[in-house]
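To start, the structure under review is shown below, and the notes come after it.
The values are calculated or read from the model by the stated rules, or taken from the named source; none is laboratory data. Bear in mind the structure is a predicted one, so any value in this text is a computation, not a measurement. Here the Cβ is made from the backbone with ideal geometry for all residues, glycine too, and neighbour counts use every protein chain on show.
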Amino acid sequence: MTEQAIPAEHGVGASPGIAVGPVVAITTEEVELDTIDDPHAAIEASSANVSAQLAALSASTRESGREEAADVLNAQSLIAEDEMIVDAVMENVESGLDINSAFDAAATQLEALLASLPDPYLAARAADVGEVMQAIKRDLAGVATGETVLAEPSVLIAHELTAAETAGLDPEMVLGFATETGGATSHVAIIARSLGVPAVVGVPNLLASAPSNAALDGSTGEFFGDPTDEVAADFANRADAQAALQTRLDAVRGSRASFGDIAIDVAANVAGADDIHRAVAEQSDGVGLFRTEFLFLDTPKPPTEDEQFEAYKLAASSWDVDTVVVRTFDIGGDKPAEYLELPEEENPFLGQRGVRIYEQFPELIDGQIRAALRASAFGKIALMIPMVATLEEFSMVRSRVDSVRAELDGAGVDMGSVELGVMVEVPSIAMTAMSFAPHVDFFSIGTNDLTQYTMAADRMMSSLSQLHDPLHPAVLGLCKLVADAGGAHGRSVSVCGLAASDPVAAVIFASIGITKLSVSANAVNLIKATIAAQDPSIADRVLEVITTATSAAEVREALEPLVVRP
Ligand code: PEP
Ligand code: MG
């Protein structure tokens with residue numbers, strides 16, 4: 001490895017893309033508050049100003065279709081107008097602190113208070129309170145939180161950027177940015193992705209090194225301050241290669257992929273409105289997995305039937321001919337919802353999760369089914385059930401769907417026909433797929449969990465990632481059992497786990513008779529282009545390899561060189 005190949009600093013890739021250019025450092029000086037005559041009234045006025053500014057920014061962000069970023073700003077706007085802020089500062093003032101110390105102490109107290117709460121939704125608001133209180137303090141001091149006006153396209157560096165500052169960046173002028181704080185799931189990362197601005201967060205010593213030029217890669221997390229010519233050229237080449245690949249992917253956008261003469265649908269996995277917009281932009285063949293549980297998580301109470309109806313209707317009406325597969329909520333395992341008060345478990349992935357909790361929460365599951373059936377009047381919807389291990393569980397949901405449909409029919413509600421499929425995540429379903437097939441409308445293989453349960457390897461443990469490999473012949477063998485059962489009974493079989501986004505795995509799935517792949521929106525055209533580039537005769541070799549190999553590494557080694565890259 002050459003010296004230049006070692007990044008000067010390594011952060012966390014927060015928003016993909018390459019940026020090379022001159023640096024502008026954003027430094028936010030500490031503001032000091034002077035004595036204020038009527039602090040209570042002044043804080044209230046500044047809180048109202050900041051709340052209004054954040055609400056306006058949230059509205060314009062929402063108008064440009066960036067829902068997730070708008071939600072962050074809206075939450076901050078609500079925090080700004082919350083009485084708890086003025087109360088906390090005044091309490092400190094009354095206990096004898098000067099206004100400046102009272103304000104800083106209140107910010108620390110409120111952040112600590114929220115961070116300590118057991119409710120993860122409220123705990124996650126701790127960082128928001130800090131940002132909002134800084135903004136209020138600046139308003140009180142009469143310091144404008146001015147926009148950064150750039151003379152030329154630049155790379156920004158900062159200790160920290162707030163959600164509002166990030167949302168206000170001009171993607172035409174900001175080539176990319178790096179911050180010393182933040183993680184891949186922080187608000188700045190979410191907003192940077194929504195703006196399409198490359199970003200690296202968590203880079204140590206960024207400001208101290210005061211570079212005048214920088215090169216960063218928002219996928220790998222590499223950041224070079226004052227890169228050598230060689231590094232700058234390497235990054236420019238990477239950017240060119242990405243742009244050239246993008247041109248080839250743009251060429252297949254909107255096309256239908258086929259493997260020989262077999263049509264392969266490439267649908268998108270979505271979790272909410274932003275993903276739906278991204279999938280529409282990539283022209284996916286519908287949605288193969290709507291992870292609806294995200295509507296139920298990180299919130300103090302479950303979504304209402306009407307809120308769900310709006311979400312499913314938005315998805316269904318976004319595609320003309322393709323289906324949106326709504327997965328009923330898969331709560332439990334790594335996705336707990338505090339308000340359900342499910343007991344702590346020793347092995348949550350083997351416990352009360354997905355379909356296993358439906359009979360305990362009948363209003364919740366029936367409400368979801370009702371919302372999905374109502375939305376089916378606005379586009380093609382299918383339902384699928386997660387974590388099914390037995391036919392009894394599947395039949396229980398089938399009869400709930402039937403009775404909700406009868407009830408809605410009775411009330412004269414318009415509905416389309418809605419297929420009901422099963423997710424294949426538990427090996428028992430794959431192994432009995434032939435006898436299961438007559439009872440289901442379709443199968444969708446969740447390779448993330450199917451691999452976890454086949455290999456007995458916790459999907460959350462990075463130290464087990466070698467074992468948790470969906471290309472293990474045991475997992476692929478189960479996938480083939482399902483594909484064969486689907487073929488024999490005329491039931492479609494898809495893969496919606498992460499493996500479908502891997503070009504080599506996608507070609508394996510097409511080779512064993514799987515006709516639909518559901519992938520993250522940004523992989524839709526990569527997978528379409530990959531499938532289209534193959535000579536279907538590769539299927540013979542795939543079948544030979546997966547039935548004779550003894551490890552995932554062997555499968556990868558044998559097939560990787562044969563898969564044609566777009
Ligand atoms: C899967 O298990 O592969 C799947 C698609 O579901 P999730 O990742 O949401 O558990
Ligand atoms: Mg799963």
Worksheet entry | Number of the condition not met by F103 [criteria: (1) in a helix (DSSP H, G or I); (2) within 30 Å of the chain's Cα centre (by Cα); (3) at pLDDT below 90] | (2)
Worksheet, complete the sentence: Counting only residues in the stretch 469-480 that are more than 11 Å from ligand 1 (Cβ to nearest atom) and in a loop (DSSP other than H, G, I, E, B), the one farthest from the chain's Cα centre (by Cα) is identified as H472
Worksheet entry | Which listed residue is away from ligand 2 (no atom under 16 Å from the Cβ), more than 25 Å from the chain's Cα centre (by Cα) and part of a helix (DSSP H, G or I), from A483, A506, A523 | A483
Response to the item:
Those residues of the stretch 426-459 which are among the aliphatic types (A, V, I, L, M), assigned to a helix (DSSP H, G or I) and more than 10 Å from ligand 1 (Cβ to nearest atom) amount to I429, A430, M431, A433, M434, A437, M455
Discussion item. Restricting to the stretch 503-515, give me the number of residues that are surrounded by fewer than 24 Cβ atoms within 10 Å (Cβ to Cβ) and out of contact with any Leu (no Cβ under 8 Å at 6 or more places or on another chain).
Written reply: 2
Worksheet item: Is there a residue being farther than 18 Å from V270 by Cβ, within 16 Å of ligand 2 (Cβ to nearest atom) and of a type in the set (D, E, K, R) anywhere in the stretch 349-367?
Response: yes
Worksheet item: Do we find that T530 is without any contact (Cβ under 8 Å) to a residue 60 or more places away in the chain and under 27 Å from the mean Cα position of the chain (by Cα) in this structure?
Response: yes
Worksheet item: Which condition does M396 not pass, out of (1) away from ligand 2 (no atom under 13 Å from the Cβ); (2) in a loop (DSSP other than H, G, I, E, B); (3) of a type outside the set (S, T, Y), if it passes all the others?
Response: (2)
Discussion item. Among the residues of the stretch 533-555, what is the count of those that are crowded, with 19+ Cβ neighbours inside 10 Å and either in a helix (DSSP H, G or I) or in contact with a Ser or Thr (Cβ under 9 Å, 6 or more places away or on another chain) (or both)?
Written reply: 8
Worksheet item: Can we say S518 is surrounded by 19 or more Cβ atoms within 10 Å (Cβ to Cβ), within 26 Å of the chain's Cα centre (by Cα) and not in a loop (DSSP other than H, G, I, E, B)?
Response: yes
Discussion item. I'd like to know if the stretch 401-421 contains one or more residues that are touching a strand residue (DSSP E or B) at 6+ places or on another chain (Cβ under 6 Å), more than 23 Å from L314 (Cα to Cα) and within 16 Å of ligand 2 (Cβ to nearest atom).
Written reply: no
Worksheet item: Which is surrounded by fewer than 21 Cβ atoms within 10 Å (Cβ to Cβ), on the phi < 0 side of the Ramachandran plot and in the same structural domain as A433 (by TED's automatic domain parsing), of G486, G477?
Response: G477
Worksheet item: Taking the stretch 322-338 on its own, how many of its residues are out of contact with any helix residue (DSSP H, G or I) (no Cβ under 9 Å at 6 or more places or on another chain) and either more than 15 Å from ligand 2 (Cβ to nearest atom) or over 14 Å from R291 (Cα atoms) (or both)?
Response: 1
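Conditions (1) touching a strand residue (DSSP E or B) at 6+ places or on another chain (Cβ under 8 Å); (2) at pLDDT 90 or above; (3) closer than 25 Å to I99 by Cα, marked per residue:
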| position | (1), (2), (3) |
| --- | --- |
| A123 | no, no, no |
| Q134 | no, no, yes |
| A141 | no, no, yes |
| A144 | no, no, yes |
| I157 | yes, yes, no |
| G168 | no, no, no |
| L175 | yes, yes, no |
Item to complete: Evaluate the following for R356: is it buried (at least 17 other Cβ atoms within 10 Å of the Cβ), in the same structural domain as F443 (by TED's automatic domain parsing) and farther than 18 Å from D298 by Cα?
Response: no
Response to the item:
The lone condition I85 fails out of (1) of a type outside the set (G, A, S); (2) under 15 Å from D139 (Cβ atoms); (3) free of Cβ contacts under 8 Å to residues at least 24 places away in the same chain is (3)
Item to complete: Mind counting the residues in the stretch 449-462 that are within 9 Å of ligand 2 (Cβ to nearest atom) and modelled with pLDDT under 95?
Response: 1
Item to complete: For the stretch 249-288, name all the residues that are over 22 Å from the mean Cα position of the chain (by Cα), assigned to a helix (DSSP H, G or I) and crowded, with 16+ Cβ neighbours inside 10 Å.
Response: V252
Worksheet item: Taking S465 and the conditions (1) surrounded by fewer than 22 Cβ atoms within 10 Å (Cβ to Cβ); (2) modelled with pLDDT of 95 or more, which numbered condition does it fall short on, given that it satisfies the others?
Response: (2)
Item to complete: Can you tell me which residue among A377, A371 is touching a helix residue (DSSP H, G or I) at 6+ places or on another chain (Cβ under 6 Å), at negative phi and among the small types (G, A, S)?
Response: A371
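Listed here are the residues, each with its yes/no results for (1) outside the structural domain of D320 (by TED's automatic domain parsing); (2) of a type in the set (S, T, Y); (3) more than 30 Å from I538 (Cβ to Cβ).
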{"site": "F235", "(1), (2), (3)": "yes, no, yes"}
{"site": "A239", "(1), (2), (3)": "yes, no, yes"}
{"site": "Q242", "(1), (2), (3)": "yes, no, no"}
{"site": "I264", "(1), (2), (3)": "no, no, no"}
{"site": "D274", "(1), (2), (3)": "no, no, yes"}
Worksheet item: Within the stretch 490-502, which residues are of a type outside the set (D, E, K, R) and either closer than 20 Å to S465 by Cα or buried (at least 21 other Cβ atoms within 10 Å of the Cβ) (or both)?
Response: V493, S494, V495, C496, G497, L498, A499, A500, S501
Response to the item:
Of (1) out of contact with any strand residue (DSSP E or B) (no Cβ under 9 Å at 6 or more places or on another chain); (2) within 15 Å of ligand 1 (Cβ to nearest atom), V495 satisfies every one except (1)
Practice prompt. Scan the stretch 382-395 for residues that are under 30 Å from G412 (Cβ atoms) and either touching a Lys or Arg at 6+ places or on another chain (Cβ under 9 Å) or at pLDDT below 95 (or both) and jot them down.
Written response: L383, M384, I385
Discussion item. Among the residues that make up the stretch 328-336, is at least one of them more than 13 Å from ligand 1 (Cβ to nearest atom), outside any loop (DSSP other than H, G, I, E, B) and either at negative phi or not assigned by TED's automatic domain parsing to the domain that holds M423 (or both)?
Written reply: no
